[in-house]
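The values are calculated or read from the model by the stated rules, or taken from the named source; none is laboratory data. Everything quoted here is computed from the prediction, not taken from an experiment. Note that each Cβ is placed from the backbone with ideal geometry, even for glycine, and that neighbours are counted across all protein chains shown.
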Amino acid sequence: MGMATSQLRLMYLNAYRLDLEYKIQLITEAKMNLAKTCTDLINVGTDLDADDPMVKKLEARKERLNIMEKKLDMQLQEYKDKLKMIDTEFDSCDQLLQKNIERSFKY
């Protein structure tokens, strides 16, 4: 029974790991899009006069994008930390399964 439970646990951990890796990929893609948007805002703002109200709106949008990027960084770090924990748990569970196999099939 221990082997079946260990195998199910490994399957669950692997699925969770894949889910976290996918989320990390999405966040990385979102950060790249944010960086492109910030660059576009900077390029648009260079044509305008510094006193123009549109420049202030662009600066406010740029600041909001920077805040969003910081939030994405925090979420990305959280997912990376969870991924490390999952990898550690996966290795532990895999070792336990190997020990169960050795014990079960030892003559």
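Considering each of Met74, Met54, Met11, Met3 in turn, give the residue that is within 30 Å of Glu89 (Cα to Cα) and modelled with pLDDT under 85.
Values: Met74 fails: modelled with pLDDT under 85; Met54 fails: within 30 Å of Glu89 (Cα to Cα); Met11 fails: modelled with pLDDT under 85.
From the options Met74, Met54, Met11, Met3, the qualifying one is Met3.
State all residues of the stretch 5-58 that are within 30 Å of Leu97 (Cα to Cα) and touching a residue at least 24 places away in the same chain (Cβ under 8 Å); if no residue qualifies, say none.
Ser6, Gln7, Arg9, Leu10, Leu13, Asn14, Tyr16, Arg17, Leu20, Glu21, Lys23, Ile24, listed by residue number.
Where residues in the stretch 25-50 are of a type in the set (Gly, Ala, Ser) and within 14 Å of Lys62 (Cβ to Cβ), which of them is surrounded by the most Cβ atoms within 10 Å (Cβ to Cβ)? First the steps, then the outcome.
Here is the first cut: in the stretch 25-50, the residues of a type in the set (Gly, Ala, Ser) are 30, 35, 45, 50.
Among the residues that remain, those that are also within 14 Å of Lys62 (Cβ to Cβ) are: 35, 45.
Details: Ala35: 12, Gly45: 18.
Going through the qualifying residues, I end up with Gly45.
Scanning for something farther than 30 Å from Leu13 by Cβ and touching a Lys or Arg at 6+ places or on another chain (Cβ under 7 Å), does the stretch 42-64 turn up at least one residue?
We begin by selecting, within the stretch 42-64, every residue farther than 30 Å from Leu13 by Cβ; these are 42-64.
If we keep only those that are touching a Lys or Arg at 6+ places or on another chain (Cβ under 7 Å) as well, we get none.
No, because not a single residue in the stretch 42-64 is farther than 30 Å from Leu13 by Cβ and touching a Lys or Arg at 6+ places or on another chain (Cβ under 7 Å).
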